[in-house]
Amino acid sequence: MPPQLPVITFDVEALNPSNPAWLSTSHVVRRALEEYGCFVLSTKKIPWDLRETMFELSKDLFLLPIETKTKNCSKILGFGYGNYSSLPLFESFGIEDGATLEATRSFTHLLFPSGNDAFW
């Protein structure tokens, strides 16, 4: 039987960096990404307006100029900006230490130097 992808539930507590559940959830997400490269996100407990906000803010990220996106670089495979000519519809952003608030803020300030506090 093939392995099952992990299902991770994001609830309000798991999305609040000042809540201990956030750190726990970030570790589960990291393990899932390291082992499987992806996971199934259960969003039933996330308020609809928060999901909408997350998708809207991700548009801002992917609409940035390529010169800005490539500032997010890393020597670690899977981190930094990923854009491959063999996969023309694929783009990714990997944040080193992305489970930490500091790394998330740093990523945001790198790509949005004029500020975008709503993003992180």
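Under the convention that each Lys and Arg Cβ holds +1 and each Asp and Glu Cβ holds -1, the size of the dipole of the chain around its Cα centre is about 180 debye. Among the trypsin sites (Lys or Arg not before Pro) in the range 16-87, those located in a DSSP loop and surrounded by at most 10 other Cβ atoms within 10 Å of their own Cβ are LYS44, LYS75. Placing unit charges on the Cβ atoms of the charged side chains and taking the dipole of the chain about its Cα centre, the candidate lying farthest along the positive direction among PHE62, GLN4, LEU15 is GLN4.
Contact order for the range 62-120, expressed relative to its length and based on alpha carbon pairs under 8 Å spaced 6+ residues apart, stands at 24 percent. Only Cα pairs under 8 Å and 6+ residues apart enter the sum, and on that basis the relative contact order of the chain stands at 18 percent. Which entry in [x] 19, 18, 14; [y] 109, 8, 5; [z] 23, 20, 15 is this structure's computed semi-axes √(5λ) of the Cα gyration tensor in Å? Answer label, from the structure shown: [z].
Values quoted throughout were computed directly from the atomic coordinates according to the rules given, and no laboratory measurement underlies them. Computed from a predicted model, the values in this text were never measured in an experiment. Positions of Cβ are generated from backbone atoms using ideal geometry, with glycine treated the same way; all protein chains shown enter the neighbour counts.
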